[in-house]
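Quick note: the coordinates plus some simple rules give every number you see, no bench work behind them. Model, not experiment: these values are computed from the prediction. Cβ placement follows ideal geometry from the backbone for every residue including glycine, while neighbour counts extend to all protein chains displayed.
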Amino acid sequence: MDAKQQELLNRITIKSGLMGGRPTVRSLRFPVSDILELLASGLTEAEILEQHPILEQLDIQAALLYASMKVKNTAVIYAA
């Protein structure tokens, strides 16, 4: 994993008391799965960012990278 990928993954947080421990973006109450569902529904990045101003473009990239790594069954390690 290169430095850019690690920087993106640092945007994904998992906290037991937040959203039931589901992966979220930057400790916000915005789950990674919601970003993926918005993309799957056909919304563009621009549309998502317009509808959800709390998000940043890098958050969407981070969600996609995280999902890709989970599908590949790659270990993602978080340092607290």
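Brief remarks follow.
- With Cα atoms as the point set, the radius of gyration and Dmax of the chain evaluate to 12.2, 35 Å.
- The angle between the Cα long axis of helix 57-71 and the longest principal axis of the Cα atoms of the chain comes to about 50 degrees, rounded to the nearest 10.
- Anchor LYS4: aspartates and glutamates whose Cα lies under 14 Å away (excluding residues fewer than 8 positions away in-chain): ASP59
- Ordering of 54-66, 5-17 by burial proxy (mean other Cβ atoms within 10 Å per residue, highest first): 54-66, 5-17
- For ILE12, nonlocal amide neighbours, meaning residues 5 or more places apart or on other chains whose placed amide H falls under 5 Å from its own, are ARG26.
- Size of charge dipole - the chain - debye, nearest 20, with Cβ of Lys, Arg +1 and Asp, Glu -1, no other charges: 440 debye
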